[in-house]
1. In whole angstrom, note down how far apart the Cα centers of segment 196-233 and segment 37-51 are.
2. Provide 106, 582, 211 in ascending order of the number of other Cβ atoms located within 10 Å of each residue's Cβ, fewest first.
3. Can you figure out the FRET efficiency of residue 582 with residue 90, using R₀ = 51 Å and their beta-carbon distance, to the nearest 0.05?
4. Could you give me the ³J(HN,Hα) list for segment 216-224, computed from phi with Karplus coefficients 6.51, -1.76, 1.60 and θ = phi - 60°, whole Hz, x at Gly and Pro?
5. Taking just the alpha carbons, could you work out the radius of gyration and Dmax for segment 229-345, both in angstroms?
6. Tell me whether segment 44-168 comes out rounded, prolate or oblate; compute the Cα gyration tensor, take square roots of the eigenvalues as a ≥ b ≥ c, and use a/c under 1.5 as the rounded threshold.
7. Under a cut-off of 29 Å between alpha-carbon atoms, report the lysines in cross-link reach of residue 209, not counting same-chain residues fewer than 8 places apart.
8. Taking neighbour Cβ counts within 10 Å as the exposure measure, how do 346, 569 sort from fewest upward?
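FYI, it's all coordinate maths here, none of it is from the lab. Quantities reported herein were computed from a predicted structural model and do not represent experimental measurements. Because the Cβ atoms are built from the backbone with ideal geometry, glycine has one as well, and the counts that use them run over all protein chains shown.
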Amino acid sequence: MTLRPARAGRVGGGFWAARQRVNRDVTIPLGGTRIRESGAFANLERAARGSAGGHQGKVFADSDVYKWLEALAWERGRADNGVLAKAYEEAAGLVAAAQAPDGYLHTHTQLTGRERYSDLASSHELYCAGHLMQAAVAGSRAVGDDTLLRVATRLADHLVKDLPADTLDGHPEIETALAELYRETGTRPYLDLAARMVTTRGGETLPLKGHHGPGIRQDRVPLRRATTVEGHAVRAVYLAAGATDVAVETADEDLLAALARQWRDMVATKTYLTGGLGSVWYGEQFGGPHELTPETAYCETCAAVGSVQWAWRMLLATGEADFADLMERTLYNAVLPGLSLGGDRFFYVNALRVRAGANPDDRRAAARGRQDWYGTACCPPNVMRLFSSLGHYLASEDEEGVQVHLYASGEIRARGALLEVRTDYPWDGRVEIVVRETPDRPWTLALRIPAWADGAGVDGQPARAGGYHRVRRTWRPGDRITLDLAVRPRLTAAVPRLDVARGQVAVERGPLVYCLEQPDHPGAIVDDLCVAADPALRDGSPVAGLPAEVVPVLARGRVHAHREDDAGFPYRSADGPREPEHTGPVDLTFVPYYAWANRGAGPMTIWAPMH
Ligand code: FUB
Ligand code: ZN
């Protein structure tokens, strides 16, 4: 590992503190209620009583409880209170009671009487075990709780001893969890089991189901040989995150190089502008290279969470800024849109465009707006646990000093130093870092300058975009350093191979991707809006219905004129006029994509034609 996480990062104010507050006060309590309503707690209660039958919900219902428990654990670590502690302890006690005497735990299998490990392609037994282990590691790290840790180690010990040789779960997840449990406990067989699973994967050992080939379950190509990501997007990034853990812990440079190759290909050919992953609804999968259609984007919120986890591990392994750049893009534009501003409604699928008249039939369809929960409720608690642990991702440390990757008001304690960070980022690019405590010897403060931040500066000196700006000195308490990340609106175009966005532009501002949304354009349908060739992008004043701190971006635009013959067959001779006709100039208002669908669901687009 090149860098080590600075565990004592704390978000203390500004943008992310507000999101964490909503997560703690609204989303996590609501999650407890919804998970109870889904029957997932009842499953544990029945398993604890040793009953048979009566399992409610999906085969992976247990994982909803575990992800929620993980969020509770991180929250308790940030600020414990009686309410959180009680909820955590009750649920953890229930999980412990549901565990079989030999350490096995998976309520669907326990209650249905299915033979253990007889249908691992679909059963999610190890997937659930992995989420339990992650919750246990969180409980142990955050508050020193050992109730869940004992359950997790008994389960892991059982797996090490009794899991049939060479078996895999159809849904990777346990790999990263076993590696983390090894880090927490020092029990080497947990890491060995994770490494074995990473190596076995790709050998087509899982039985095929339905129309799917082995790729959807990440079992077509061994990871060491793979050149890209494929199949179910969440499975792909969870597996890659676990494989990165294994590569780091076993010093497997070939595996790490293979993962870096896959990551670069994913970013270059299979990642939406938002950082979202997965463009194929069928099987929730990655599409082919540059198959990134905006309206049918799947971009499952869980895939974004998994992508952050993978990028973070790659960042620690390599120290390269690209990984942090994608983490930031994904956090703001692919994870955050999964949650309403009020914290009580969710997107599972995050489309980049919704057309007027889009069919809202599927509950996951963005055209239907955010939902208050889902039958497959993997995404909401995934957002909860990530937001609760956000402080961990701010910074890292190494022998040289401290690296700051994400900018948020708060504190970073690393390498014997205490840094206070003050910023109004992402609305403003100015970040002030004050050294509160420091060792009395030289060390390097490395500040990430995002690839988009042309014109950035540190203490008035130019700082190159796309990398780390390093300042080495013997710091003194009270020293301060000011970073200016040149946050201003900019236009972004797609590479020519991305033909679905050819001739179109998107607006970005700092780390935020923007969109056009119907409530801001009462005089026209969003589908007809285009950006003028001389758009004169500028910051606007607050828009109705969104929080006052949200900075909209204004642009000159035009409206495609609706022509008589547009009402018929929507094609005409290629010899006809190429340029669409327009009505007179209009002002376009772009709002941050994460904030869309908080004023009702309707037409929205990230890409707009430029004429
Ligand atoms: O299979 C468990 C979870 O349900 C996956 O990670 C999601 O994609 C959803 O299918
Ligand atoms: Zn999900």
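1. 33 Å
2. Least crowded to most crowded, the residues run 211, 582, 106.
3. Here the calculated transfer efficiency is 0.25.
4. My calculation for segment 216-224 gives 4, 9, 6, 10, 9, 10, x, 4, 5 Hz in order.
5. 13.8, 45
6. Prolate.
7. Result set, ordered by chain and number: 58, 67, 161, 270.
8. Ranking 346, 569 by Cβ neighbours within 10 Å, fewest first, gives 569, 346.
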